[in-house]
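Quick notes on the structure that follows.
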Amino acid sequence: MKPAWTGLLAGLLLNGAACAAGALPGDSLYHFDARFSDQNGHEFTLRERRGKAQIVTLFYTSCRYVCPLIIDSAKNVEQALTPAQRERLAFLIVSLDPDRDDTAALHSVVDKRRLDPARWTLARTDKQSLRQLAALIDIRYRELADGEFNHTSALVLVDAEGRIAGRSDGLEGGLDAGFVGVVKAVLGK
Amino acid sequence: MKRTAGLCALLAAAAAAPAVATEWAALPGATGFRTVLAYEDTQNGVRVAPFELLRHPVTNAEFLAFVRSNPQWRRGGVPAVFAESRYLQHWTADQEPGAAQSRQPVVQVSWFAAQAYCKALGARLPSWLEWEYAAAADSTRADARQDPAWRERQLTWYAQPSTTPLAPVASQPPDLHGVYDLHGLVWEWVDDAGALLISADNRDQGAADRLQFCGAGALSAADRENYAVLMRIALLSALKASDTTANLGFRCARNLPPGEKKP
């Protein structure tokens with residue numbers, strides 16, 4: 001009798017834990033179940049990143065003009081935060097060019113740009129999932145005949161539950177103070 | 001025993017697929033197709049590979065079969081991130097199209113829902129280029145776009161008030177490929193709607209906007225006379241993938257089966 005009780009109790013506790021995590025809000029990006037692979041070849045889904053706010057954007061490694069600026073502007077945001085806030089924010093930068101941006105190419109950007117791998121994830125996914133991710137964060141892109149890409153640039157702030165909480169469109173140079181304010185509000189002090 | 005189990009699993013999988021009549025038209029494709037999109041890499045025409053296209057837009061009855069076997073795409077169950085609150089709002093209930101007639105094209109569907117439907121058919125949404133190429137045809141020509149009468153006919157539909165009920169699919173005569181309703185019934189999602197680089201944010205070419213683009217700039221139109229097709233692009237580029245409208249439906253496309261090379 002006792003073991004059955006214990007089992008039941010354990011079951012209830014597990015259920016309780018699941019309830020504490022709670023159902024995802026309807027507008028959460030974490031409903032999207034595509035598989036990604038990071039700069040170390042480690043596979044993950046967006047849902048596994050639940051619980052921590054992150055800035056999400058798209059880039060590709062062979063892009064010379066705007067893409068380095070995308071990483072610059074993300075770094076600018078990071079530098080405008082307090083150390084405690086920095087600990088609570090992650091970056092997810094997904095390649096528009098999964099054909100050429102393999103794990104090694106992603107890893108070399110992390111090294112060259114001196115991105116802290118504890119907080120920065122450079123990732124790739126299949127082309128269909130990429131098109132869907134771009135739709136979810138409203139970034140438009142088009143592959144050109146010569147293998148380059150046209151794309152809009154935006155930093156998209158996603159809260160711990162996967163909801164879009166803010167975005168910084170275009171790269172006007174320097175820091176987008178309004179956006180940093182939104183990031184700080186989401187992260188707390 | 002094992003074999004039987006495998007067979008059962010196979011049958012179960014077959015039963016879960018939407019029970020729709022898939023009527024496909026084969027389109028031969030083209031080399032040097034003139035798209036209205038004047039990107040720098042499309043100036044000399046582009047190649048459209050042969051493909052197959054559903055003869056008519058997906059209907060309410062077909063979409064009902066899909067949501068019956070795919071509960072996650074029912075009106076009440078789909079997360080807002082994939083379909084806004086107006087998703088299938090013209091149906092009376094989750095699985096009740098009500099006054100929406102079975103042969104009318106389904107509307108109020110998001111891009112994500114349209115994609116999921118086509119995927120369940122083992123197909124995909126057509127690309128913009130495939131749609132534009134298919135929609136260039138009339139009953140006798142693969143590309144009738146330079147004919148003023150063709151242009152006039154397309155525009156007449158856009159001038160009609162959108163309050164009249166949608167006609168059943170295939171009420172108009174088919175084009176020379178055997179495809180119905182590319183014009184004159186509903187707007188249609190395309191797979192790369194998110195590649196149409198004009199949006200409310202980027203249309204003007206101010207200094208601040210220029211940096212939104214990596215590589216060469218936004219879209220311009222090579223054929224400004226083709227209003228009917230340009231209006232499609234303007235609409236698609238203004239929509240988010242979770243949006244739905246009362247005049248926006250879709251149809252699916254698929255690659256030709258391997259080894260079947262049509263001219």
- Out of (1) more than 18 Å from B:THR35 (Cβ to Cβ); (2) free of Cβ contacts under 8 Å to residues at least 60 places away in the same chain, what's the single condition that is false for B:ASP147? (1)
- Query: A:VAL183 versus (1) within 24 Å of B:ALA238 (Cβ to Cβ); (2) more than 9 Å from every other protein chain (Cβ to nearest Cβ); (3) buried (at least 19 other Cβ atoms within 10 Å of the Cβ): which is the lone unmet condition?
  - Reply: (1)
- Item | Failed item in (1) more than 14 Å from chain A (Cβ to nearest Cβ); (2) closer than 30 Å to A:ASP138 by Cα, with B:SER110 passing the rest | (1)
- Looking at B:SER110, B:SER171, which one is within 20 Å of the chain's Cα centre (by Cα), modelled with pLDDT under 95 and farther than 23 Å from B:GLY32 by Cβ? B:SER171
- When residues of segment B:62-77 are filtered for being surrounded by 13 or more Cβ atoms within 10 Å (Cβ to Cβ) and either aromatic (Phe, Trp, Tyr) or assigned to a helix (DSSP H, G or I) (or both), how many remain? 9
- Message: Out of the helices (runs of 4 or more DSSP H) lying entirely within segment A:42-118, which hold 1 or more residues that are surrounded by 19 or more Cβ atoms within 10 Å (Cβ to Cβ) and not small (Gly, Ala, Ser)?
- Response: A:66-79, A:103-112
- Subset of segment B:45-99, residues acidic (Asp, Glu), modelled with pLDDT of 95 or more and under 22 Å from A:ASP27 (Cα atoms), comes to B:GLU84
- Message: Taking the conditions exactly as written (modelled with pLDDT of 95 or more and surrounded by fewer than 16 Cβ atoms within 10 Å (Cβ to Cβ)), does A:ALA177 satisfy them or not?
- Response: no
- Note on the structure: Checked segment A:130-169 for anything more than 18 Å from the chain's Cα centre (by Cα), open to solvent by less than 20 Å² (accessible area, probe 1.4 Å) and at the interface with chain B (Cβ under 8 Å from one of its Cβ atoms); matches are A:LEU144, A:PHE149, A:ASN150
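Residues are listed down the side, and each one gets a yes or a no for (1) within 8 Å of another protein chain (Cβ to nearest Cβ); (2) modelled with pLDDT under 60; (3) in a loop (DSSP other than H, G, I, E, B); (4) open to solvent by 40 Å² or more (accessible area, probe 1.4 Å):
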{"site": "B:ALA208", "(1), (2), (3), (4)": "yes, yes, no, yes"}
{"site": "B:LEU219", "(1), (2), (3), (4)": "no, yes, yes, no"}
{"site": "B:VAL229", "(1), (2), (3), (4)": "no, no, no, no"}
{"site": "B:ARG251", "(1), (2), (3), (4)": "no, no, yes, no"}
{"site": "B:ARG254", "(1), (2), (3), (4)": "no, no, no, yes"}
{"site": "B:GLY259", "(1), (2), (3), (4)": "no, no, yes, yes"}
{"site": "B:PRO263", "(1), (2), (3), (4)": "no, yes, yes, yes"}
- Select from segment B:109-136 the residues that are open to solvent by 10 Å² or more (accessible area, probe 1.4 Å) and in a loop (DSSP other than H, G, I, E, B) and list them in ascending order. B:LEU121, B:GLY122, B:ALA123, B:SER127
- Query: Is there a residue being in a strand (DSSP E or B), without any contact (Cβ under 8 Å) to a residue 40 or more places away in the chain, away from chain A (no Cβ under 14 Å) and surrounded by fewer than 20 Cβ atoms within 10 Å (Cβ to Cβ) anywhere in segment B:82-96?
  - Reply: yes
- Go through segment B:151-179 residue by residue and tally those that are in a loop (DSSP other than H, G, I, E, B), closer than 21 Å to B:GLU132 by Cβ and of a type in the set (S, T, N, Q). 1
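The values are calculated or read from the model by the stated rules, or taken from the named source; none is laboratory data. Just so it is clear, the structure is predicted and the values come from calculations on it, not from any experiment. In this analysis, Cβ positions are derived from the backbone assuming ideal geometry, glycine residues included, and neighbour counts consider all displayed protein chains. Side chains are part of the model used for accessible areas, which takes the heavy atoms of the whole protein and leaves out ligands, DNA and RNA. Shrake-Rupley method; radii C 1.70, N 1.55, O 1.52, S 1.80 Å.
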